[in-house]
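Below is one structure, written out as structure tokens, with a few remarks after it.
Rule-based calculations on the coordinates, nothing more; no lab input. Note that the coordinates shown come from a computational prediction; the quantities given were computed from them, not determined experimentally. As a convention, Cβ positions derive from the backbone with ideal geometry for all residues, glycine included, and neighbour counts pool all protein chains shown.
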Amino acid sequence: MLVGYARVSTAEQNLVLQRDALLAAGIVSERIYEDTCSGTVIDRPGLARALDALRTGDALVVWKLDRIGRSLAHVVELVGALQIRGIGLKVLTGGIDTTSATGRLVFGIFATLAEFERDLIHERTLAGLAAARARGRTGGRPRLMTRAKLRTAMAAMADQTHAATDVAEQLGISTSTLYAYVDGKGRPKARARKLLGSGTARR
């Protein structure tokens, strides 16, 4: 069985071209799923329904490869998951058909390119962090304040023998973040009270 998927980025764009191509490929309209969202969006209800409708021996059909993936690496990951389930991918304008030996070979090349791309990104990231350290800065995502950390911070700061810099270091946050939540005596500020009430981690 063939299951079709079509996507456009905005409501101003038209799905008719993709839908017509999928119908011409022999897919019944009831098995064509659609999304209107950017290619960078993770949550795609239409794609989720299409994947859920697929069974072993079926094939997912798209007009172009960029309709299903946020990046080459994401497409490779998705197709790999389909192959584990015994499901193929057919791309109408790209000549890709992973249900055939030739198609699997072509996609294997894509997978190699995706791995190469990931390695390049990793290498650039490491080089950037090394350069930042050389300039006296640290990289990476800022650590978050959680309710557990906040309670510890309040107790630690209430004890005047503890230095704020030491407390922040132990919690894995900056001193400025620490003082954004508690004062010098460990009393919660507005942001801390909000965090304790919501349970949501914040910077």
Under a crude label model (7 Å from the Cα following the beta-carbon direction), how far is Leu120 from Thr102 in nanometres?
2.8
For the residue pair Thr165 and Leu23, what label-to-label distance in nm results when each label sits 7 Å from Cα along the Cα-to-beta-carbon direction?
7.1
Can you pull the one-decimal nm distance between simple spin-label points at Glu12 and Arg70, each 7 Å off the Cα toward Cβ?
2.5
Along principal axes, Cα extents of region 22-97, largest first, whole Å
29, 26, 24
In square nanometres and to one decimal, what's the mean projected area of the convex hull around the Cα atoms of region 147-198?
3.0
Descending packing, highest mean Cβ count within 10 Å first, for 180-187, 2-9, 70-77 is 2-9, 70-77, 180-187
On a straight-distance basis, which lysines could pair with Lys194 in a cross-link, Cα separation under 17 angstrom, same-chain partners fewer than 8 positions away excluded?
Lys149
List the lysines whose Cα lies under 20 Å from the Cα of Lys90, skipping any in the same chain that are fewer than 8 positions away.
Lys64
Restricting to Cα pairs below 8 Å that are 6+ residues apart, what does the relative contact order work out to for region 147-198? Please round to a whole percent.
38
